[in-house]
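J.: I'd like to ask some things about the structure below.
The values are calculated or read from the model by the stated rules, or taken from the named source; none is laboratory data. Because the structure is a prediction, the values reported are computed rather than measured. Here Cβ is always computed from backbone atoms with ideal geometry, including for glycine, and neighbour counts include all displayed protein chains.
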Amino acid sequence: MPQRYRVGDPVIFIVSKISAQPGPRAQDVRPAPHGDTYNYIVEKYWRVRELLPDGRLMLMTRRGKTHTVDPDDPRLRGASWWERWFARNRFPALTDSAPGENQPTTAGS
């Protein structure tokens, strides 16, 4: 089976959030049942930093944090050519050592 993602590929990961004040990039905003908060999603613009031996991907955020996700996660997709161009400044630049690099985490935790 061919690799779908390569190191350096820009990807978009959809994160579900809950808060009293959704930010400007919030999509699909819905009020909670009692109206105190909102449920919404935000698209995160990340890059593939590493292909792990077990098949998972290590993704890097703009601030250097890393997240480990399965390549078949339905919240993950490759950026289209339009997104690569239009949102090019939102994707992190790959470097050997990112400033503020944290311990790897599993997305969704």
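J.: Checking the condition at pLDDT 90 or above, assigned to a loop (DSSP other than H, G, I, E, B), surrounded by 15 or more Cβ atoms within 10 Å (Cβ to Cβ) and not acidic (Asp, Glu), which residue from Pro74, Pro92, Pro22 passes? Explain how you work it out, then say what you get.
T.: Values: Pro74 fails: surrounded by 15 or more Cβ atoms within 10 Å (Cβ to Cβ); Pro92 fails: at pLDDT 90 or above.
Criteria check complete, one pass: Pro22.
J.: Being farther than 19 Å from Arg90 by Cβ and hydroxyl-bearing (Ser, Thr, Tyr) is the filter here, so list the residues in the range 29-62 that pass it.
T.: Thr37, Tyr38
J.: Also: Residues being assigned to a loop (DSSP other than H, G, I, E, B), of a type outside the set (S, T, N, Q), in contact (Cβ under 8 Å) with a residue 24 or more places away in the chain and buried (at least 16 other Cβ atoms within 10 Å of the Cβ): count how many of those fall in the range 40-70.
T.: The number of residues fulfilling the criteria is 1.
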